[in-house]
Structure formats: C-alpha cells, structure tokens
Amino acid sequence: MRLYQPSAMRTLIALFALSTGLFSVQESQAAFLQVSPVTLDLTAPAQTASVNLRNNGDRPVNVQVRVYRWTQNSNQDFLTPATDVVASPPAATLQPGTTYTIRVARTAAPVESGEETYRLLIDELPEINVRRRAESVNLAIQYSIPVFFSDRGAGADLHWKVEREGNRLAVEVTNTGNRHAKIADLAVTSPSAKVSLGEGLNGYALPGATRRWTVTSGAQRILPGSNVSITAAGNDFAVREPVVVGRQ
C-alpha cells in the first residue's frame, strides 16, 4: 500500500520530569509553555518555518531550542545533532503573557528526492529560586516536534506482518517508500475479536525503517494461521490490510 502526500500533522510528544533530590512534594508549579504548531511538514522548495512559543504563566520562562536529525533503526529512534537545519534563536526568555517566534531553516539545498527527517526539541528550563521552599517542585516540559522536508513526489509504501510470540501479538510494518507514515489507532481484527495496540498515536515509520508493536491483552484470541485485518489511521489515509497471522 502506497500512501501519497500526507498533510501536515498535529502530533505532540511531551516528556515530563520532576526535579531530582526531593523526598516529598508539597507544592508544584505547572508548566505554562505552549507551542504551536506541533509538526513542521515542508515540501520543496520551502526551506523555512516558524514555531510560536507562548508563556501563559505569571513568571518568565527560559527555553532552549535544538535541532536533531531523526533516524530509526532496530525499532528505535536515534537523534544526532543536525548541521543542515538550524533554529534561531537557540535560547530565549519568555515574559509572562507573551508569544515568541522561533524560526527553523534548512541551510542545505532543497530536497530533490524523498524526505529528510528531524526533530525540534524545545526545553522549558526548570526555574531556580533560592527563596522557594526546598520541598517545592518545578515541572519542566519538553516538546519534541517532528520536522519533515520532502519533495512533492515522495510517498510511503507500507508492508505489514502479524505474528504470535508466546502470549503476545506482534504487529510489524516496514516502510519501503521515501516518505514517513504516521500510524495511529493501530488494531488487529479477526471475525471474532479485535485487539487494540493503543488508541491515538502509535508512532512514525520513517523511510526505510521497520517499526514493531506488541500487545498481551487479548492476544490469545488471535490464533496463528488465522486471517486478520490490520487497521490504522494516518493523516489523510486509512490502513485496512489483510494479513495471515504467523508464529515466531
């Protein structure tokens, strides 16, 4: 199944971390940083985009901005510092109630074939206040925003596989195309059962990458050798792929 020209996505990955060295939590500070859009999807010849940061709190917020090249291998994501895409400025202080604009630019030539994939990391730096009680907590947030640069003819090409692994069910997709695919609401359905691998975003399959998901709940209802249907949602496409369940 080949998927052509997905539209711009709106996906947010937020990683929350509490300050270390605290033994009790009596007071917390909410994270007031908001970011939009949460995906940058540019088609050549476009080379630049903007991201708006807004501080909805009542104190200044310090942020750090970095760009990483994003690759996938062995069902894992890998980030390495980017040298051909930059974010400006790389750091800023947002005053309360204000909006700040970050500019993202590709410094290399426009993509002529396929797609280049990156992630823009925006970190809200924890506030350090020596007058605040020691048991208080700063809630820091990190936005990890997918950034895609592609040519107009790029498209994903997905190939699916389902296997039983003991008491687990594994679903695997390989993207042999030259553009990413966003996978959401992934499920395996047989005439007598439906097994969900998670509602909402399951992840991305980048060009040339293989992604794999496993689930235990309900897996015993999907038997090796049975005919099933893999369903998932994307941006402007829907997956409905017939597969015979294998055994590992």
Top-ranked residue in segment 204-244 [being among the hydrophobic types (A, V, I, L, M, F, W, C), part of a loop (DSSP other than H, G, I, E, B) and at pLDDT 95 or above; ranked as farthest from N73 (Cα to Cα)]: L206
Positions within segment 158-182 being more than 22 Å from the chain's Cα centre (by Cα) and either in a loop (DSSP other than H, G, I, E, B) or of a type in the set (F, W, Y) (or both), in sequence order: G166, N167
A205: of a type outside the set (V, I, T), open to solvent by less than 60 Å² (accessible area, probe 1.4 Å) and touching a residue at least 60 places away in the same chain (Cβ under 8 Å), yes or no? yes
Select from segment 228-239 the residues that are surrounded by fewer than 18 Cβ atoms within 10 Å (Cβ to Cβ) and closer than 14 Å to S196 by Cα and list them in ascending order. S229, T231, A233
Sort out which residues of segment 48-94 are open to solvent by 20 Å² or more (accessible area, probe 1.4 Å), more than 21 Å from Y204 (Cβ to Cβ) and assigned to a loop (DSSP other than H, G, I, E, B), and write them in order of number. N56, D58, R59, P60, T83, P89, P90
Looking at (1) without any contact (Cβ under 8 Å) to a residue 24 or more places away in the chain; (2) of a type in the set (D, E); (3) in contact with a Pro (Cβ under 9 Å, 6 or more places away or on another chain), which is the only condition D77 fails? (3)
Take the residues in segment 192-203 that are in a loop (DSSP other than H, G, I, E, B) and not acidic (D, E), then tell me which one is nearest to the chain's Cα centre (by Cα). G200
Has segment 126-149 got at least one residue that is buried (at least 18 other Cβ atoms within 10 Å of the Cβ), modelled with pLDDT of 95 or more and farther than 21 Å from A92 by Cα? yes
Checking T176 against (1) open to solvent by 20 Å² or more (accessible area, probe 1.4 Å); (2) modelled with pLDDT of 95 or more; (3) more than 22 Å from G114 (Cα to Cα), which single condition isn't satisfied? (3)
For segment 83-107, pairs from a residue that is within 18 Å of P37 (Cα to Cα) to a residue that is modelled with pLDDT of 95 or more and outside any strand (DSSP E or B), with Cβ under 6 Å and 6 or more apart or across chains, are R106/Q47
Those residues that are out of contact with any Phe, Trp or Tyr (no Cβ under 8 Å at 6 or more places or on another chain) and in contact (Cβ under 8 Å) with a residue 40 or more places away in the chain, I need them from segment 180-200; list them, please. A184, D185, A187, V188, T189
What is the number of the single condition among (1) in contact with a helix residue (DSSP H, G or I) (Cβ under 6 Å, 6 or more places away or on another chain); (2) crowded, with 21+ Cβ neighbours inside 10 Å; (3) not small (G, A, S) that V171 does not meet? (1)
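The values are calculated or read from the model by the stated rules, or taken from the named source; none is laboratory data. In this text the structure is predicted, and so the values were computed from the model without any measurement. Every residue, glycine as well, gets a Cβ built from its backbone with ideal geometry; the counts of neighbours run over all protein chains shown. Side chains are part of the model used for accessible areas, which takes the heavy atoms of the whole protein and leaves out ligands, DNA and RNA. Shrake-Rupley method; radii C 1.70, N 1.55, O 1.52, S 1.80 Å.
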